[in-house]
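Taking it in order: structure first as structure tokens, then the write-up.
The values are calculated or read from the model by the stated rules, or taken from the named source; none is laboratory data. Keep in mind the model is a prediction, meaning the values are calculated, not measured. No Cβ is skipped: glycine too gets one built from the backbone with ideal geometry, and neighbour counts run over all protein chains shown. Just the protein is used for accessible areas: all its heavy atoms, side chains included, with ligands, DNA and RNA removed. Shrake-Rupley method; radii C 1.70, N 1.55, O 1.52, S 1.80 Å.
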Amino acid sequence: MTQDSPTLSLAEIAAHLGARLQGDGERRVRGLATLRDAGPEQVSFLANRAYLKDLPGTRAAAVLLHPSHAGECPCDCLTLDNPYLGYAELSRLFDPLAGRETVGVHPSAVVGEGVTLGEGVAIGPQAVVEAGVVLGDHVVIGPGCVVGADTWIGAGTRLHANVTVYHGVVVGERGILHSGCVIGADGFGFAHDGGGWHKIAQLGGVVLGDDVEVGSCSSIDRGALGDTVIGNDVKIDSQVQIAHNVQVGDHSALAGCVGIAGSTRVGRHCMLGGGVGLSGHLTICDGVQVTGMSLVTNSIHQPGVYSSGTGAMDNAQWRRNAVRFKQLDEIARRLSRLEKAGRGG
Amino acid sequence: MTQDSPTLSLAEIAAHLGARLQGDGERRVRGLATLRDAGPEQVSFLANRAYLKDLPGTRAAAVLLHPSHAGECPCDCLTLDNPYLGYAELSRLFDPLAGRETVGVHPSAVVGEGVTLGEGVAIGPQAVVEAGVVLGDHVVIGPGCVVGADTWIGAGTRLHANVTVYHGVVVGERGILHSGCVIGADGFGFAHDGGGWHKIAQLGGVVLGDDVEVGSCSSIDRGALGDTVIGNDVKIDSQVQIAHNVQVGDHSALAGCVGIAGSTRVGRHCMLGGGVGLSGHLTICDGVQVTGMSLVTNSIHQPGVYSSGTGAMDNAQWRRNAVRFKQLDEIARRLSRLEKAGRGG
Amino acid sequence: MTQDSPTLSLAEIAAHLGARLQGDGERRVRGLATLRDAGPEQVSFLANRAYLKDLPGTRAAAVLLHPSHAGECPCDCLTLDNPYLGYAELSRLFDPLAGRETVGVHPSAVVGEGVTLGEGVAIGPQAVVEAGVVLGDHVVIGPGCVVGADTWIGAGTRLHANVTVYHGVVVGERGILHSGCVIGADGFGFAHDGGGWHKIAQLGGVVLGDDVEVGSCSSIDRGALGDTVIGNDVKIDSQVQIAHNVQVGDHSALAGCVGIAGSTRVGRHCMLGGGVGLSGHLTICDGVQVTGMSLVTNSIHQPGVYSSGTGAMDNAQWRRNAVRFKQLDEIARRLSRLEKAGRGG
């Protein structure tokens, strides 16, 4: 890709980030790279001590870093208390996509009756926006997206290509929905009559707060009666499943392949590692972190870090230990008997 | 969403459900809600003792419940032996989507040669139906769907938006396929020549029985030679993967994120919890339940409930235990030696 | 599906596979089936001793097998040192889809400015190919696909229906991308300011080598600064997530539901079983196999087979053992005390 980023002066960057510049404010850069890869027209950053070894040899025009490392910097530097946050701001400055969207409705798109379009809305080729949809200002609907009837999408939200949002969903402002994600499909609800299954119509909706990002191919199902509710500033990675009537609190982050079963409530500022599973009807309090691929089957009432599973090991060793796991209760009982015998003797 | 549900009288509801009404048959309601949320124009239900505490305070017009709870109901009631099943029927009565589909082929849809359309078929905007496809009566093909050549879809089946069905697939009657699901992609088959991989063309198909539901973003792969076969009344949640030549028996239910490897046969009336994994070439008999995130690597020949893994715990505690898991076989051997020494002494 | 495979003579097949024919070279067959299912117009194969029992009773016209089994074959045979590889070649000969693609751009497709099309390119109905895309010879873009601006797709690659490739992605030659997969969505990168999340623009791309296959509904995210890189001849199953800046070496195979966290490097000739999870920033050397649903949290520097977890067992037994797992460190300490007491006594 031709990365036709704008060129910016170091003074402009410093002003934008609120950073202190030590060096030539007139110097212009046209991109961002790691300390190791950066060339003389690029700016770099140091946000993790693991990369401190790459600082002396960098060819970058300037490096964004904490004031305490300014002395070791071989080139111009921009100092900031939180250089990782500075990197985030800087990355968005150099995003070649930013503001490149063509405004307007592509002639191949199909827009239903009674649709309300804010200012500067973009609807891409082959998209379908059904009747009664409301799109806020500067909403972008990518190619091939389908937005169901009566759905409401807040200002500044972007749907990348081939996103599906069902009817009656609410998406907040400044959201980002990645390709292949599906918001508002039916929750998994059936009643059993002793022989087979009877579908429970999923009459609730989905409400996504502001500043929510949903990764590619993730699913957030609609509620059975009430809504499935995702708070503000919740970040959801790819391949995640969120079942009906789940609630996720503000500022929580869910890594790839997470699955949350029905009606579970996740607090604010929680972080779920990749592949974590939460059973249904649980309450997870604020500030909980769960490490990758852990299964949580009980509510958690104390903030902290939680885990399950066993670490990976050589398969031959693992086979022996896994067999012993099946005997573990018996092993514990045998140990207790020995202890008693010892005390008794 | 404007939930423009029809209004129904309690007498009509009682007749539809086969329930016994205690109260005013003329009273009209326009929706369904939980005991806690229902207002005076809504009907509610009690199907789980955990919600009995909400019964006395409900503002619902009427409550659907078991005859044994009729005495505690503060309003009109509809009694039924299986109130959860009654709730399922009722939810479908109030489904605002039911029967709202526009019949006919949208002008933007692309329909190939030799396609057979039953009565009352609906094909949405931007959909593609390839040559030789047969769609039964009242089939609904949502916006953006692609149905491959020579595929057969039974009467009353609905594909929500952006579903993909490959060529030569058979879908039974009254099915529901949710957005983003893919039926009939190639199974994962390759032969190794010592250096690299050679693709095995996947010449089989997929056959879905009647009354099958498939959740959003789920994959059911086509067979290598024979077909992948999903029985009648099988319910499949979101983010599920079913590999080539798998067979799933009638009335089984697979929760979110389940993965079933190639050629495994799952019996009838099985229930797989969220994130369960089944290895390939297994046989799982009828009536097996597997709890969430368990891995099954051997066939199961007895009905019952099966599990694997460890429960989640505090991370510091878990680290210590996980290290011990790696020593478990050695621990068991040391215990045996102590026992022998004890007996010997 | 009418499987209108070509008919082929046994002599033609033998020549194509480099196999030795014992039988009637003029005999014509029109398909491929298992030993058990094959009829007199079909050819079969024996590649796994488990199916040797089906050989004597087969009704196939001819069987592809190892020379050592020719004596037991009740019909004509084609002998080859690697009959499974021969089966792979044969399956592709009988693929009814092969070469059936209509060349050209469907009138409903939307092709942007400055797109370069090789010879024999096919772009299906409702597809979108954005500005600056380069498609090599005989590339097939299926119905409903979206290919983002400035993406490059090598000769002979096929995108099945409803695939999404973001902007600035490179896909090698002879690739196969299955429906619903998403290549190049943003990696999951955010900086925290103590209160909430700030998006890190994902400025890198994705590079897929030659002969890569990606299964349905899989996600391969774009890099944060550098690219996410998938080597040549890498085979990726359905429902897989590959995070930003991951590298996967040539000839590796990833089964369904695998998840690989950011910046991890997987070597060449690795095989990850279904549902395996790799933490971020790891290095996995060449020739590593990880068994199904294992979690790998540390780098692996020795080729071999690795595992984690516990096998599935009866739920009642499992509950007892899982409780003991939480006491495992304490159990080990108690055992050590007993051992010391024994030695001391």
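So the label point goes 7 Å from the Cα of C:ASN82 along Cα→C-beta, right? Which residues of segment C:205-228 then have their backbone N under 20 Å from it?
Residues C:210-213 qualify, since their backbone N sits under 20 Å from the label point.
Say we join alpha carbon atoms closer than 10 Å with springs in a Gaussian network model of chain C; which of C:ARG49, C:ARG28, C:ARG265 then has the biggest fluctuation?
Taking springs between Cα atoms under 10 Å, the residue moving most is C:ARG49.
Would you look at the GNM of chain B, springs on alpha carbons closer than 10 Å, and say which of B:ALA131, B:ALA50, B:ALA261 moves the most?
The residue that fluctuates most here is B:ALA50.
I need the calculated FRET efficiency for the pair B:SER9 and A:GLU12, taking r as the beta carbon distance and R₀ as 51 Å, to the nearest 0.05.
According to the calculation, E is roughly 0.15.
First check a/c for the protein assembly as shown, with a ≥ b ≥ c the square roots of the eigenvalues of its C-alpha gyration tensor; if it is under 1.5, answer rounded, and if not, answer prolate when a/b is larger than b/c or oblate otherwise.
rounded
Placing the label point 7 Å from Cα along the Cα-to-Cβ direction, what are the distances from C:PRO107 to the equivalent spots in the other copies, shortest first, in nm to one decimal?
The answer, with the shortest distance listed first, is 1.4, 1.4 nm.
Once you charge only the Cβ atoms, +1 for Lys and Arg and -1 for Asp and Glu, what is the size of the charge dipole of segment C:8-93 about its Cα centre, to the nearest 20 debye?
180
What's the average, rounded to a whole number, of partner chain beta-carbon atoms within 10 Å of each residue's beta-carbon in C:168-179?
Counting Cβ atoms of other protein chains within 10 Å of each residue's Cβ and averaging gives 3.
Between C:PRO40 and the same site in the other copies, what are the distances in nm, shortest first, taking label points 7 Å from Cα along the C-beta direction?
Those separations, rounded to one decimal, come out as 8.2, 8.2 nm.
Compare C:LEU335, C:LEU80, C:LEU64 in a GNM of chain C, Cα atoms joined below 10 Å, and give the one with the largest fluctuation.
Among C:LEU335, C:LEU80, C:LEU64, the largest GNM mean-square fluctuation belongs to C:LEU335.
How large is the accessible surface of B:THR291 in square angstrom, using a 1.4 angstrom probe and rounding to the nearest 10?
50
Could you run the numbers on buried accessible area between B and C, total for both chains, 1.4 angstrom probe, in Å² to the nearest 100?
Buried area between the two chains comes out at roughly 5800 Å².
Going through the cross-link list A:LYS199/A:LYS235; B:LYS326/C:LYS326; A:LYS235/B:LYS235; C:LYS53/C:LYS235; B:LYS199/C:LYS235, which pairs have a Cα-Cα distance over 21 Å in this structure?
A:LYS199/A:LYS235; A:LYS235/B:LYS235; C:LYS53/C:LYS235
Of the listed peptides C:29-36, A:298-305, what is their order by residue-averaged count of other C-beta atoms within 10 Å, with the highest listed first?
Going by the mean number of other Cβ atoms within 10 Å, highest first, we get C:29-36, A:298-305.
Determine how large the accessible area of B:TRP318 is when every protein chain is in place; take a 1.4 Å probe and give Å² rounded to the nearest 10.
Accessible area of B:TRP318: about 40 Å².
For segment C:8-93, what's the relative contact order in percent, using C-alpha pairs closer than 8 Å and at least 6 residues apart?
27
Using a 7 Å offset from Cα along the direction of the beta-carbon, what are the separations from C:GLY342 to the same position in each other copy, nm, ascending?
Here C:GLY342 shows inter-copy label distances of 0.9, 0.9 nm.
Antiparallel as a % of all DSSP beta bridges within chain C, to the nearest 5?
10
Residue-wise, which Karplus ³J(HN,Hα) couplings in Hz belong to segment B:294-300, taking 6.51 cos²θ - 1.76 cosθ + 1.60, θ = phi - 60°, and x for glycine or proline?
Along segment B:294-300, the couplings run 7, 10, 10, 10, 10, 4, 10 Hz.
Mind checking B:301-307 for the average number of partner chain beta-carbons within 10 Å of each residue's beta-carbon?
Across the residues of B:301-307, the mean count of other-chain Cβ atoms within 10 Å is 4.
No other cysteine beta carbon under 4.7 Å away is the test; run it over chain C and list who passes.
Flagged as lacking a Cys partner: C:CYS75, C:CYS145, C:CYS181, C:CYS217, C:CYS257, C:CYS270, C:CYS285.
Go through B:ASP150, C:ASP314 and list them by solvent-accessible area, largest first, probe radius 1.4 Å.
C:ASP314, B:ASP150
With r defined as the distance between the Cβ atoms of B:ARG92 and B:ALA316 and R0 fixed at 56 Å, what FRET efficiency is calculated, to the nearest 0.05?
0.70
Report the charge-dipole magnitude of the protein assembly as shown in Debye, nearest 20, computed about the Cα centre from +1 at each Lys and Arg Cβ and -1 at each Asp and Glu Cβ.
5380
Could you tell me whether chain C comes out rounded, prolate or oblate from its Cα gyration tensor? Rule is a ≥ b ≥ c as square roots of the eigenvalues, rounded for a/c under 1.5, then prolate if a/b exceeds b/c, otherwise oblate.
Cα axes put chain C in the oblate bin.
Could you size up the charge dipole of chain A around its Cα centre, putting +1 on the beta carbon of Lys and Arg and -1 on that of Asp and Glu, and report it in debye to the nearest 20?
About 1980 debye.
By its C-alpha gyration tensor, with a ≥ b ≥ c as the square roots of the eigenvalues, how is segment C:8-93 shaped: rounded for a/c under 1.5, else prolate for a/b larger than b/c, else oblate?
rounded
At 7 Å along the Cα-to-beta-carbon direction for both C:TYR51 and B:GLU101, put a label point, then send me their distance in nm to one decimal.
It works out to 3.9 nm between the two label points.
Over chain A, with every protein chain in place, what whole percent of the accessible area is carbon and sulfur at 1.4 Å, could you tell me?
49
Out of B:VAL212, B:ALA185, B:GLY172, whose Cα points farthest toward the positive end of the dipole of segment B:145-257 (charges: +1 Lys, Arg; -1 Asp, Glu; placed on Cβ)?
Result: B:ALA185, furthest along the dipole toward the positive end.
Anything losing 20 Å² or more of accessible area from the isolated chain to the full protein assembly: pick those residues out of segment C:214-238, probe 1.4 Å, ligands and DNA/RNA ignored.
C:SER216, C:CYS217, C:SER219, C:LEU225, C:ASP233, C:LYS235, C:ASP237, C:SER238
What does the accessible area per residue of the protein assembly as shown come to in Å², with a 1.4 Å probe and no ligands, DNA or RNA counted?
Using a 1.4 Å probe on heavy atoms only, each residue of the protein assembly as shown averages 37 Å².
If you take each beta carbon of peptide B:280-290 and count the beta carbons of other chains within 10 angstrom, what is the mean?
Other-chain Cβ atoms within 10 Å of each residue's Cβ, averaged: 1.
Between C:ASP286 and C:ALA341, what is the spin-label point distance in nm, taking each point 7 Å from the Cα along the Cα→C-beta axis?
5.4
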